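Enquirer: If you scroll down you'll find the structure; I have some questions about it.
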Amino acid sequence: MDKKTILTEGSIPRRWYNIIADLPEPPAPPLHPGTHEPAGPDDLVPIFPMGLIEQEASGERFIDIPEEVREIYRIWRPTPLVRATNLEKALDTPARIFFKYEGASPSGSHKSNTATAQAYYNKQAGVKRIATETGAGQWGSALSLACKLFGVDLTVYMVKVSYEQKPYRRSMMQLWGAEVYPSPSDRTEAGRKVLEEHPDSNGSLGIAISEAIEVAAKDDDCKYSLGSVLNHVLLHQTIIGEEAIEQCEAAGAYPDVVVGCIGGGSSFAGIAFPFVREVIEGKRSTRFVAVEPTACPTVTKGEFTYDFGDIAQTTPLLKMHTLGHDFVPAGIHAGGLRYHGMAPLVSHVVELGFMEAVAVPQTTCFDAAQLFACTEGIIPAPESAHAIRATVDEALRAKEEGAERNILFNLTGHGLLDLASYDAYLSGQLQDHDHPEEAIAEAIARLPKVD
């Protein structure tokens, strides 16, 4: 087995996979923010096109990928599955390490998988403009290109700390025609309220979501688009895992362990859910490890309950692992992992016992990222570095146990626009953050009361 063989195997799937059809228990429904009754499609019409609403509520096992979307996917898909042989040698492990490289997309991350689909369905619905938020900028840049390709205007509210830390992400969005504003901003009621109370706020995804939803709700020609968390977003990302199953089987390297970082949950769901299907059917016994930062320990320390997706409490109530909708995390460099809630579907699958979660500090993630860069040659995004950290730990555990096993992780994107983060790491300025237990308790106490 060599890299070339693995890189050339695989084809672009024709369908996305919906795990809801195979779960032994259905996930809890979203609730209307006012009545706390189950939310229906009509409740989502003001912010989403019907094509995406239908996918959000779908119980179908597979959903066909429109040919117009597959045509754009062909620019970068199938993405490579690569064996990290140099990393294996550096760790002196009997484990075989593989990664699915989503940094091959034009925007440099997995976000293009759902951005392309969402831009398409909005275009089909006659939408003129989309409003969205972005944390580290991967989502904003992916949607900027997708909107440009389908002729839809885009307004992006970028979390302020990332807007300042990652200026070239902003440049990429603007190059592809998007308007980009730091969040909290003075352009919306939600943003102005935060600035009145916290003039120096670094922002959060919860705040940026509130701003984008407000813009969409006030403009009949505008819809809102989300880069993670919701069912239809996770659905689009399953193209990663569907490709990976075919590639792993062709390489004779079906994974014993699948690892991925989690912020909102879409990239992890994307690679893991198709493999979880095989476990549910009793065909395999794969373990699944979801990795989050200690600065934002949503699954490992959050509560599994109903909460809002944004600080202004405008979204439906979602049953998920949450640190509280008004949680504002430390300004760690993995901006895509700084969301207060976890995707309801990922949360549900964790609660069913199919997945486990771990939290790791950012300096150890950058240690692993540097090792990966020096052995495999790819500079990973800070978010992906969390998956690399856990993969290294799994490989070292295999070494201690003298056990051969296949480890697959999702390299969600490259870090070529995150070099300021690496500058901070190399200069010793990068700090770890453990979110205080008392702050988590206070945020949990403010959660909405749902009977």
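Enquirer: Under a Cβ-Cβ cut-off of 13 Å, what is the net charge of the residues other than A445 that fall near it, where Lys and Arg count +1 and Asp and Glu count -1?
Expert: -4
Enquirer: What lysines sit close enough to K89 to cross-link, taking a C-alpha to C-alpha distance under 21 Å and skipping anything fewer than 8 places away on the same chain?
Expert: Answer for K89, where 21 Å is the Cα cut-off: K3, K4, K100, K399, listed by chain and number.
Enquirer: Can I ask one more? Is the range 327-451 rounded, prolate or oblate when judged by the Cα gyration tensor, a ≥ b ≥ c being the square roots of its eigenvalues, rounded requiring a/c under 1.5 and prolate requiring a/b larger than b/c?
Expert: Because a/c hits 1.5 or more and a/b fails to exceed b/c, the range 327-451 counts as oblate.
Enquirer: Using only DSSP helix segments of four residues or longer, with each worth -39500 (n - 2.57), what per-residue ellipticity at 222 nm results for the chain after dividing by its residue count and rounding to 500?
Expert: Computed ellipticity for the chain at 222 nm equals -12500 deg cm²/dmol.
Enquirer: Related question: For the range 159-290, with only Lys/Arg (+1) and Asp/Glu (-1) charged at the beta-carbon, what is the dipole magnitude about the Cα centre, in debye rounded to 20?
Expert: Roughly 280 debye, rounded to the nearest 20.
Enquirer: Net charge around V358, counting only other residues with Cβ within less than 13 Å of its Cβ (Lys, Arg = +1; Asp, Glu = -1)?
Expert: For residues surrounding V358, the net value is 0.
Enquirer: Take the residue pairs K148/K223; K166/K223; K148/K319 and return only those whose Cα atoms are more than 24 Å apart.
Expert: Cα-Cα > 24 Å for K166/K223; K148/K319; rest within.
Enquirer: Ok, one more. Give the longest segment of the chain that steers clear of GluC sites (Glu not before Pro) in DSSP loops with at most 15 neighbouring Cβ atoms within 10 Å, not counting the sites themselves.
Expert: By the stated rule (loop sites, at most 15 other Cβ atoms within 10 Å), 61-280.
Enquirer: What number, in percent, do you get for the relative contact order of the chain if the mean sequence gap of Cα pairs under 8 Å and at least 6 apart is divided by its residue count?
Expert: 19
Enquirer: Can you sort M172, M320, M50 so the residue with the fewest Cβ neighbours within 10 Å comes first?
Expert: M50, M172, M320
Enquirer: If each residue's Cβ is checked for other Cβ atoms within 10 Å, how do F99, F372 rank with the fewest at the top?
Expert: In order of increasing Cβ crowding within 10 Å: F372, F99.
Enquirer: To make sure I understand, if each residue's beta carbon is the centre and we count other beta carbons within 10 Å, what order do I53, I12 fall in, fewest to most?
Expert: I12, I53
A short reminder: the numbers here are calculations on the coordinates, not readings from a lab. Because the structure is a prediction, the values reported are computed rather than measured. In this analysis, Cβ positions are derived from the backbone assuming ideal geometry, glycine residues included, and neighbour counts consider all displayed protein chains.
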